[in-house]
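Chemist: One structure, pasted below without further comment.
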């Protein structure tokens, strides 16, 4: 029997472990390449782990809710497994026949339904077994407030409920523990959240793992880095006209949509190369300027969450190469297909809130970076232009850039110079469009 170990993947720098939130398969299942095996979260991100091989699941070393060190095997797959395999040892032909004619439990779909916000509840075999052993009724089970992915009842939730029924002290929920992971600085007064009074008709919705990660990281960022935000308005009329004239030919030639994110990342990567202090991190009293330029782009998901796939070595890619990477990563993000490596390691992040019509905002820095660029919606507005014949009023396409930066190492003059570099590149598109 040839086996293949699917291990807990590395989820970014300094991350040593990941927590399994959902297991989509069981021992004996036959899987194809890219079958979604399990979902994980860490202090930095959340991801679905697909199978790199086809075969039969012969061993699952951990359960939902377990925290596993990086590199340890989570699931073992027999790559010699056949879909028409003989009955397993100790199983009679009659049992096999009965199993084949019995209705199949719908265990492969609930994860998708829950993730899409379905009101139907699904329970893992571990939860059902513990509930049955403790004589927990279906009505009781349905009333338990889950802290797992999408509000599912996890192993920890059912254990806590059973202990409460016995009158024993209840263990702290995993979700509650995760919200206390960011310790306040000893030099600052401790800030405690206000007590929330929940009314009888109020709806309490537990955060899913991705939203908990976002909440923790945004809180951490504003606690660690003193934020300052600068704004500049950009005239991108030439860029808009260029895109309108080129997008159809580009689509036909490359098979890709030509979005505004492509020239923006192009401009940002060149500005980061000119001002390496922006492409940096803070380590105590040390400034770490990054050699590589990896640009993260925030992508909104259908469920309301946000992920940040990373365009690696953006400064080394051609315009077509950038467009390919942007399209690929955005599509994988919206279909929950991003790998951990594709969501970690960014050195600078761009947030395009203009896609929702917002003009400008004050984006929060994605730690451990030291700056983030926000892009507003494109608007037409009358503008006074200087010409040889005198001043004229013309309709121009404008956007706001919002640049938030860590004031520990970036001052206003450097921030302004960096922004101006981007502005000049985008406004002078007649010169840069042929690159």
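Any read-out appearing in this document is the output of simple, stated calculations on the displayed coordinates, not a laboratory observation. Bear in mind the structure is a predicted one, so any value in this text is a computation, not a measurement. Positions of Cβ are backbone-derived with ideal geometry, glycine not excepted, and every protein chain shown enters the neighbour counts.
Chemist: Need one word for segment 225-432: rounded, prolate or oblate. Basis is the Cα gyration tensor (sqrt eigenvalues a ≥ b ≥ c); a/c below 1.5 gives rounded, then a/b vs b/c decides.
Modeler: oblate
Chemist: Place the peptides 240-246, 157-163 in order of packing, highest mean first, counting for every residue the other Cβ atoms within 10 Å and averaging per peptide.
Modeler: With the highest mean Cβ count within 10 Å placed first, the list reads 157-163, 240-246.
Chemist: I want the antiparallel fraction of DSSP beta bridges within segment 334-400, as a percent rounded to 5.
Modeler: Percentage antiparallel, nearest 5: 75.
Chemist: If you don't mind, there's one more thing I want to ask. Want the number for residue 218 to residue 380: 0.36 nm per residue separation, take away the alpha-carbon distance, what's left?
Modeler: 55.0 nm
Chemist: Right, here's the next one. Describe numerically, in nm with one decimal, the distance between label points set 7 Å from Cα along Cα→Cβ at residue 359 and at residue 33.
Modeler: 5.1
Chemist: I would also like to ask the following. In µm²/s, what is D for segment 3-83 at 25 °C and 0.890 mPa s, where D = kT/(6 pi eta Rh) by Stokes-Einstein and Rh is the Kirkwood radius from Cα pairs?
Modeler: 195
Chemist: Shifting gears a bit: Set the Förster distance to 25 Å, then compute FRET efficiency between residue 204 and residue 59 from the Cβ-Cβ distance, nearest 0.05.
Modeler: Once rounded, the FRET efficiency stands at 0.10.
Chemist: Still on this model: Ranked highest first by average number of other Cβ atoms within 10 Å, how do 386-393, 343-350, 50-57 line up?
Modeler: 343-350, 50-57, 386-393
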